[in-house]
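**Q** I'd like to ask some things about the structure below.
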Amino acid sequence: MDFHEWTGEPGKPGLIIDLRRAGALDSLLDRYAKAQPAVMQQVLTQAYNLGAQMAVIEYRYLDADYRNEHSRFYSGTFRRYPSVAHRLHFFDVPPPKELQDPEKPAKFGPGGYLGFTVMRPVAGGPVGRTMLKPPASLETFVSCKAKDTANLFGIDLTTEAAPFMAQDAQLSVCAHATLWVIAHYHYLNYQSPRRLPGDIADAVPSALGFGRPMPSPGLTVNQLTEASRVIGLPSLLYRLRGPGLLPGETVYSLACRYLNSGMPVIVGGGGHAFTLVGYQQYFAPDGSKRIRFIRQDDEVGPYQLVDNAALDYYSPWEVLIVPLPQKVYLSAEKAEALGMSRLRSTLIGTGIEEDAQLAARIDRDEVRFRTTLIRSNEFKTGLLGRGMDDATATIYQRMGMSRWIWVVEATDAHERDLGNDCTLAEAVIDATDHLRDLHVLAWRIPKTLYQWLPDQDSYLAYRNLSQLPMLRCLSRVNQKVV
């Protein structure tokens with residue numbers, strides 16, 4: 001595109017495109033992605049598969065991320081790059097007549113908004129900040145979604161999506177892009193500070209890597225984990241090969257606990273890094289139950305499926321890196337082991353036949369454990385919606401808890417696979433607890449709720465509560481097997 005085309009025509013803030021018209025998608029691809037079309041092609045394909053019938057190009061868009069990239073890098077190159085971008089908005093409704101009348105306020109029908117993608121004026125990396133709804137078949141399995149609002153012609157439009165951005169291969173490469181995805185997700189979902197591409201580039205310690213910092217040849221694992229800490233999301237590192245792999249754990253068990261919690265996971269392997277944002281359980285042709293991951297791949301596109309991690313294009317996967325909020329000290333696998341042990345020992349020790357039967361079901365693997373990180377306020381406000389009775393919910397709501405808690409749920413495996421309410425018992429664990437003196441804050445089994453009083457180092461037991469039906473699982477991922 002010509003340098004001045006990025007500002008648009010005088011007096012025209014945008015352009016309406018009827019995507020039902022033959023060749024409309026091809027014209028967008030040709031306009032923005034002549035040098036590197038692959039990622040743009042994926043974005044347009046996914047918008048089309050979502051049912052997009054209209055696109056609106058917003059001219060002279062001042063995108064904070066691209067402006068930051070421009071000031072930090074592109075303004076210093078011999079070739080001139082515009083400092084403004086375009087933003088493409090997608091709708092699953094045809095262009096309304098009111099939108100094309102220059103004398104009437106813009107109007108959009110109820111719903112219909114699918115999201116947006118920012119087009120950088122950089123031929124080698126055109127796809128910038130993107131918030132596009134997941135494919136309908138994956139929407140309930142993408143756990144790392146956040147709501148974002150765009151204002152177009154004075155109208156607020158809201159979408160819920162996993163953030164995506166392609167690397168520009170100059171200021172940012174794949175590892176930078178993964179950190180940006182996670183930082184932007186935490187900004188939208190948990191009100192963490194907004195981190196722009198330059199902030200992430202600055203956070204990378206050049207002394208821990210190789211080559212010049214910009215343009216970057218790529219980041220080492222140490223650089224990635226340290227940059228994560230600097231931007232306020234200290235990370236856990238899991239090595240998937242050699243002696244570093246935790247006994248009894250797999251890439252699936254490790255990653256899925258965090259994805260259950262809505263915490264994106266970075267994978268490093270095959271000379272590349274990408275971000276997992278969800279997973280889906282499915283039955284293979286041989287009847288076995290398997291897991292496919294959903295990833296944001298900055299070199300391919302959003303919402304890509306990985307049917308088998310061991311046979312992936314980027315295999316072997318070497319590390320998982322999990323950036324977490326500052327006040328999450330305890331890892332998911334340690335929380336799960338603690339919760340499982342407490343629930344099982346309590347069920348065995350009550351002397352009640354019903355509790356003993358539940359313990360036996362755990363031993364027969366009919367009951368599976370699901371571990372979820374959640375803010376305690378969110379846990380408390382959601383109790384009644386999960387099916388909790390008033391008396392038990394009231395006790396929980398009045399307990400003192402840390403800001404972040406791990407909840408370890410004992411779930412009926414059969415009901416969970418059907419996508420039904422499935423939680424039979426649960427343990428609540430302080431995410432900031434001492435790693436050598438771990439306690440369970442509260443745990444519930446049938447008809448009894450226990451509470452630990454940390455200042456007295458003693459326990460309270462609330463007995464003879466209502467026999468609860470199975471509750472809705474806390475996991476942010478749809479647990480149904482498809």
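Coordinate-derived values only; no laboratory data. Treat the numbers as computed from the prediction; the structure is a model and nothing was measured. For neighbour counting, all protein chains shown are included, and Cβ atoms are generated from backbone atoms with ideal geometry for every residue, glycine included.
**Q** What full-extension length gain, to one decimal in nm, is calculated for residue 15 and residue 288 as 0.36 nm per residue of separation minus the Cα-Cα distance?
**A** Going from the current span to full extension adds 93.3 nm.
**Q** While we're on this one: Tell me whether region 332-462 comes out rounded, prolate or oblate; compute the Cα gyration tensor, take square roots of the eigenvalues as a ≥ b ≥ c, and use a/c under 1.5 as the rounded threshold.
**A** rounded
**Q** Give me the percent of Cα-Cα pairs in the chain that sit more than 42 Å apart, rounded to a whole number.
**A** Cα-Cα pairs of the chain separated by over 42 Å account for 24 percent.
**Q** Report the number of Lys pairs in the chain whose alpha-carbons are under 18 Å apart, with separation of 8 or more residues or on distinct chains.
**A** Within the chain, the lysine pair count is 7.
**Q** Determine the dipole magnitude for region 234-323: charges of +1 sit on the beta-carbon of Lys and Arg, -1 on that of Asp and Glu, nothing else is charged, the reference point is the Cα centre, and the result goes in debye to the nearest 20.
**A** Dipole size: approximately 280 debye.
**Q** Give me the one-decimal nm value for the distance between modelled label points at residue 438 and residue 2, 7 Å along each residue's Cα-to-Cβ direction.
**A** Between residue 438 and residue 2, the simple spin-label model gives 6.5 nm.
**Q** Here's something else I'd like to know. Name all residues of region 101-122 having a backbone nitrogen under 12 Å from the label point set 7 Å from the Cα of residue 27 along its Cα→Cβ direction, giving them as ranges.
**A** From region 101-122, the list is empty.
**Q** Just to check I understand the Karplus step: with θ = phi - 60° and J = 6.51 cos²θ - 1.76 cosθ + 1.60, what whole-Hz values come out for region 250-255, glycine and proline as x?
**A** Karplus-based 3J(HN,Hα) across region 250-255 equals 10, 4, 6, 5, 5, 6 Hz.
**Q** Regarding region 297-337, what is the average projected area of its C-alpha convex hull, in nm²?
**A** So the Cα hull casts an average projection of 4.7 nm².
**Q** Which order do the peptides 444-455, 129-140 take when ranked by the mean count of other beta-carbon atoms within 10 Å per residue, highest first?
**A** Descending mean neighbour count gives 129-140, 444-455.
**Q** Is the shape of region 234-323 best called rounded, prolate or oblate, per the rule: a/c under 1.5 gives rounded, else a/b larger than b/c gives prolate, else oblate, with a ≥ b ≥ c the square roots of the Cα gyration tensor eigenvalues?
**A** rounded
**Q** Going by how many other beta carbons lie within 10 Å of each one, how would you line up 153, 293, fewest first?
**A** Going from least to most buried by this count: 153, 293.
**Q** In degrees from 0 to 90, rounded to the nearest 10, what is the angle of the helix 38-49 Cα long axis to the longest principal axis of the chain?
**A** For 38-49 against the chain, the angle is about 70 degrees.
**Q** Are there chymotrypsin sites (Phe, Trp or Tyr not before Pro) in region 198-282 that DSSP puts in a loop and that have at most 13 other Cβ atoms within 10 Å, and which ones?
**A** Qualifying residues, ordered by number: 210.
**Q** Amide H to amide H, which residues 5 or more places from residue 277 or on other chains are under 5 Å from it, using H placed in the peptide plane?
**A** Here 294, 295, 296 satisfy the definition.
**Q** Rank the residues 352, 321, 182 as a footprinting-exposure proxy: fewest other Cβ atoms within 10 Å of their Cβ go first.
**A** 352, 321, 182
**Q** Let me ask something additional. Local charge sum around residue 281 (other residues, Cβ-Cβ under 10 Å, Lys/Arg +1, Asp/Glu -1)?
**A** Working: positive: 289, 290, 292, 416, 480; negative: 417.
Counting the neighbours of residue 281, the net charge comes to +4.
**Q** Helix 332-349 versus the longest principal axis of the chain: what angle, 0 to 90°, nearest 10, using Cα atoms?
**A** Long axis of 332-349 versus the principal axis of the chain: about 20 degrees.
**Q** At 0.36 nm per residue, and after removing the present C-alpha to C-alpha distance, how many nm does the segment from residue 156 to residue 299 gain when stretched out fully?
**A** Length gained between residue 156 and residue 299: 48.4 nm.
**Q** Using only the Cα atoms of region 21-106, what do you get for the radius of gyration and for Dmax, in Å?
**A** Rg then Dmax for region 21-106, in Å: 15.6, 44.
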